[in-house]
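Here the structure is laid out as structure tokens; the discussion comes afterwards.
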Amino acid sequence: MYSYTDFDAAFLAERNAQFRAQVERRIAGHLTEDEFKPLRLMNGLYLQLHAYMLRVAIPYGTLKSAQMEKLADIAERWDKGYGHFTTRQNIQYNWPELRDVPDMLDALAEVNLHAIQTSGNTIRNVTADHFAGAAADEIADPRPVAELIRQWSTDHPEFQFLPRKFKVAVTGSPHDRAVIKAHDIGLRIVERDGEQGFEVVVGGGLGRTPMIGKVLYDFVRSEDLLPTLEAIVSVYNLLGRRDNKYKARIKITVHENGIEDIRARVDARYKLIRDQFTGVDQQMLSRIEADFAAPTFKSADTAAFDRAYRYDPAFQSWADTNLTAHRNPEYAIVSISLKAHGKTPGDASARQMRLMAQLARRYGHDELRISHEQNVILPHVHRGDLPSVYNALRAEGLGTANIGLISDIIACPGMDYCALATARSIPVAQEIATRFDELKLEHDVGPLKIKISGCINACGHHHVGHIGILGLDRAGVENYQITLGGDGTEDAAIGERAGPGFSADEIVPAIERIVMAYLDLREDREETFLQTYRRLGLAPFKSALYPEAKADAA
Amino acid sequence: MPKAFKPSVITANALLEGDVVYLGPDGWVRDLADAEVITDEADADIRLLEAGAQADTVVGVYLAEVDNSSGTPEPTHFREAFRAKGPSNYAHGKQETA
Ligand code: HEM
Ligand code: SF4
């Protein structure tokens, strides 16, 4: 874990003092809202539908127990006792009052957390694979380089006023759990002739014009990475459309100019600036890598696991869905579901946050991760400790065995909180989860990703959901558009629109029809929803969705 | 022909708490039922200017249409209905104190 220097701490203290003075001046009437708004946004403070919203960055999703406990304290003291974990590895507080926010930022700074660059047209929180440093399939831990990118980009003078916000994601595994192809820049650690380097993908993004990123370079050596990133972002800074907000993302720049033209420009820029990178960044990277050294794993008896697995069906079911292979076979990666049936996806109460922190301290080498799928991960738990961990989780409503299943839904806040929304997302997620829990079909259906957004901005990643749901406003009524076949992994794909949208009353039955059609159509239990969809295409799902249209045509 | 003016209220968010407020006969109120319903366009323009000038207490002033047929203003769009009530996943926001 990266340890902050005195310089970092002083920087945060100064930023917070500055913002405290700005809030005081706003309340005293010395700053207008027009003057104040950019200042508050620079510190992650939005004004939403019912209240302010403070967005706190969790860099590459990594937290220590003490940090999680501080998030819980803040939720209890200045908010309504809970926080909302988002798809960008942030936590959002939905109910702070303006005059409390400087105190909240100071409390965060005590554990080296902040809200800088969680808004605005800058390089945002760098996200990473939530199994980083633990996954069995990993080539290298992506977090040191994510930290290096964070240090390079934070307050980078050239990149504070980009044409639009800019998102970077990193994975160290061939299996992409960070959705790198839907980011402005996606990085994947790869190996060539025994040397580690980076595949660099640019121009992916969701929003109103979803696009899958294109490979700009298939291998960039580690020491050339920062100058390459600097060259890409400066080319985009010059070329990106500033005349039209909706065309300002790098995905449009790449689309309009073509990847070859972009590559030629990046190459040229790279030649100009390469010499400015004298290798200091590589020294920094070595220091950061040392900070991220793997914990010392123990070797102990795993009989407790085997016993619980054999005699406790609830534990068995949880172990089957919520555990992932660790690179140390005696250990497992635990995914804690924040998707209990009928609850708000991504929300955790202060009590739950404290419990997860305690479990991480006692059984998990003090490490927690936040996934872009709005769950919490304990990356390193010894198998012998898993029954204790599970029992403790279950007692706080955190034992749901549904990771990767139909009720493990990503849902953006939608019109229940977000000022940009055109419809609600949360109740749709709650109803789908509750419905399939009643049907007791969830485990039979198997891996299936439903993702819901309350507007075209696509925070809920609906374009890359196996089943995507987009909430729209049709003449003052909530309406839901379905897309099918999206995928956010290394085989990334944008979902296809299924046809006309559904009203709030019709959407859950419509999803049920799709799932029932899948159960009929699959070759066997091994064939997942996505595989069936890829084999058969949209047509059979469309006729399940719109039976009347089929009858009319017949 | 210009669109007929529909009954409306003036709404905004409170500067300190951020929550939804409405312009009442004697200043800002928290409950839509206490809002002043404006039926005349010229009147609305003046009241909007007055409200916009109170930038030290509220943020983002605008006019929202209401249905006043029952004598108590009701939202005509679901977005305003959520603003008037609070989120649907928890009994937070306005519904907490209602
Ligand atoms: C609560 C209020 C929020 C506001 C006002 C907001 C604002 C926005 C806006 C304006 C966009 C569109 C950007 C574009 O043009 O591409 C966007 C996209 C996005 N936001 Fe949010 N957001 C909010 C909450 C969230 C939450 C809760 C999440 C995660 C659950 C999130 C993650 C994202 C993601 C992943 C995108 C897609 C960006 C892309 O790849 O194009 N945002 N957001
Ligand atoms: S998708 Fe739209 S409604 Fe949902 S959080 Fe993002 S901006 Fe808000």
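The values are calculated or read from the model by the stated rules, or taken from the named source; none is laboratory data. A quick note: this is a predicted structure, and the numbers were derived from the prediction, not measured. Because the Cβ atoms are built from the backbone with ideal geometry, glycine has one as well, and the counts that use them run over all protein chains shown. Remember, those area values only see protein heavy atoms, side chains included, never the ligands or the DNA or RNA. Shrake-Rupley method; radii C 1.70, N 1.55, O 1.52, S 1.80 Å.
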Within the stretch B:66-84, the count of residues that are surrounded by 16 or more Cβ atoms within 10 Å (Cβ to Cβ), more than 7 Å from chain A (Cβ to nearest Cβ) and among the charged types (D, E, K, R) comes to 1
The residue that is farthest from the other protein chains (Cβ to nearest Cβ), considering only those in the stretch B:53-65 that are open to solvent by 40 Å² or more (accessible area, probe 1.4 Å) and of a type outside the set (V, I, T), is B:L63
Of the conditions (1) in contact (Cβ under 8 Å) with a residue 12 or more places away in the chain; (2) assigned to a helix (DSSP H, G or I), A:Q531 clears all except one; give me its number.
(1)
Sole residue being touching a His at 6+ places or on another chain (Cβ under 9 Å), surrounded by fewer than 24 Cβ atoms within 10 Å (Cβ to Cβ) and in contact (Cβ under 8 Å) with a residue 40 or more places away in the chain, chosen from A:A433, A:A401, A:A419:
A:A401
Name every residue in the stretch B:85-94 that is within 10 Å of chain A (Cβ to nearest Cβ) and on the phi < 0 side of the Ramachandran plot, in order of residue number.
B:K85, B:P87, B:S88, B:N89, B:Y90, B:H92, B:K94
Taking the options A:N237, A:N328, A:N322, name whichever one is away from chain B (no Cβ under 14 Å) and over 30 Å from A:E396 (Cα atoms).
A:N237
Can you pull out every residue in the stretch A:232-253 that is out of contact with any Leu (no Cβ under 8 Å at 6 or more places or on another chain) and small (G, A, S)?
A:S234, A:A248
Quick one: in the stretch A:1-54, which of the residues that are closer than 26 Å to A:Q151 by Cβ and in contact with a strand residue (DSSP E or B) (Cβ under 7 Å, 6 or more places away or on another chain) is surrounded by the fewest Cβ atoms within 10 Å (Cβ to Cβ)?
A:M1
Right, A:D444: farther than 30 Å from B:H77 by Cβ and either in contact with a strand residue (DSSP E or B) (Cβ under 9 Å, 6 or more places away or on another chain) or away from ligand 2 (no atom under 16 Å from the Cβ) (or both) or not?
yes
What number of residues in the stretch B:17-33 are on the phi < 0 side of the Ramachandran plot and either open to solvent by less than 10 Å² (accessible area, probe 1.4 Å) or in contact (Cβ under 8 Å) with a residue 24 or more places away in the chain (or both)?
11
More than 16 Å from ligand 1 (Cβ to nearest atom) and closer than 30 Å to B:E80 by Cβ: does that describe A:T434?
yes
Filtering the stretch A:408-431 down to residues that are out of contact with any helix residue (DSSP H, G or I) (no Cβ under 8 Å at 6 or more places or on another chain) and more than 10 Å from ligand 1 (Cβ to nearest atom), which residue is farthest from B:G86 (Cα to Cα)?
A:D408
Of the residues in the stretch A:183-205, those that are surrounded by fewer than 17 Cβ atoms within 10 Å (Cβ to Cβ) and touching a residue at least 60 places away in the same chain (Cβ under 8 Å) come to none
Within the stretch A:320-364, restricting attention to residues that are hydrophobic (A, V, I, L, M, F, W, C) and in a loop (DSSP other than H, G, I, E, B), which residue is least open to solvent (accessible area, probe 1.4 Å)?
A:L338
Of the listed residues (A:I511, A:I467, A:I494), the one being surrounded by 24 or more Cβ atoms within 10 Å (Cβ to Cβ), within 26 Å of the chain's Cα centre (by Cα) and among the aliphatic types (A, V, I, L, M) is A:I467
Look through A:M1, A:M42 and report the one residue that is in contact with a Lys or Arg (Cβ under 7 Å, 6 or more places away or on another chain) and modelled with pLDDT under 95.
A:M1
Filter pass, A:F219 being part of a loop (DSSP other than H, G, I, E, B) and out of contact with any helix residue (DSSP H, G or I) (no Cβ under 7 Å at 6 or more places or on another chain):
no
Out of A:L229, A:L225, A:L216, sole residue that is open to solvent by less than 20 Å² (accessible area, probe 1.4 Å), under 24 Å from A:I116 (Cβ atoms) and in contact with a strand residue (DSSP E or B) (Cβ under 6 Å, 6 or more places away or on another chain)
A:L225
Can you spot a residue in the stretch B:53-64 that is touching a Phe, Trp or Tyr at 6+ places or on another chain (Cβ under 7 Å) and either among the polar types (S, T, N, Q) or part of a strand (DSSP E or B) (or both)?
yes
Does B:A12 count as more than 14 Å from chain A (Cβ to nearest Cβ) and open to solvent by less than 70 Å² (accessible area, probe 1.4 Å)?
no
Within 15 Å of ligand 1 (Cβ to nearest atom), touching a residue at least 24 places away in the same chain (Cβ under 8 Å) and within 21 Å of A:R369 (Cα to Cα): is that true of A:A140 in this structure?
no
Hey, among the residues in the stretch A:514-554 that are of a type in the set (D, E) and at pLDDT below 95, which one's least open to solvent (accessible area, probe 1.4 Å)?
A:E548
Please identify the pairs in which a residue from the stretch A:45-65 that is away from every other protein chain (no Cβ under 14 Å) and in contact (Cβ under 8 Å) with a residue 40 or more places away in the chain has its Cβ atom under 8 Å from the Cβ atom of a residue that is of a type in the set (K, R) and assigned to a strand (DSSP E or B), counting only partners at least 6 apart or on another chain.
A:G61/A:R369; A:T62/A:R369; A:L63/A:R369
Positions within the stretch A:370-389 being within 16 Å of ligand 1 (Cβ to nearest atom) and open to solvent by less than 10 Å² (accessible area, probe 1.4 Å), in sequence order:
A:I370, A:S371, A:Q374, A:N375, A:V376
